[in-house]
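*Asks:* Right, I'll just put the structure down here and ask away after.
The values are calculated or read from the model by the stated rules, or taken from the named source; none is laboratory data. These numbers come from a predicted model, not from an experiment. Neighbour counts are summed over all protein chains in view; Cβ atoms, including those assigned to glycine, are modelled from backbone coordinates with ideal geometry.
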Amino acid sequence: MPEKKTLKKAARRKKTKNPMKTEGFTWRVGVSIITFFALIIFIIIWLFFHADFYTIYQNIAVIIVALLAFCGIMGATWAPWGMRHADEFEEC
């Protein structure tokens, strides 16, 4: 019985080597691009319009929080896809 499961995984692994053809990949790329540019726009707006009212430490804290939020969004977006398709792209 374990041989059938291994054969199915091997067949699926050979069939799907291109991540662009996997389910859910394209919308995750779109979310990544949009989120990255939103982060850049937020940092630019923050530094040009709001940073004068705060100390350097507060400005650094705001940027760090924005980067952590970006990392959280990226992790929440890509982790399920990576766990679902990990066996298809792992090297033997």
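*Asks:* Identify the residue in region 67-79 that is of a type in the set (A, V, I, L, M) and surrounded by 15 or more Cβ atoms within 10 Å (Cβ to Cβ) and, among all such residues, is farthest from Phe25 (Cα to Cα).
*Replies:* Checked region 67-79; the qualifying residue farthest from Phe25 (Cα to Cα) is Ile73.
Here's the yes/no breakdown for (1) at pLDDT 95 or above; (2) surrounded by 11 or more Cβ atoms within 10 Å (Cβ to Cβ); (3) within 15 Å of the chain's Cα centre (by Cα):
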{"position": "Ser32", "(1), (2), (3)": "yes, yes, yes"}
{"position": "Ala38", "(1), (2), (3)": "yes, yes, yes"}
{"position": "Ile45", "(1), (2), (3)": "yes, yes, no"}
{"position": "Ile56", "(1), (2), (3)": "yes, no, no"}
{"position": "Trp81", "(1), (2), (3)": "no, yes, yes"}
{"position": "His85", "(1), (2), (3)": "no, yes, yes"}
{"position": "Glu90", "(1), (2), (3)": "no, no, no"}
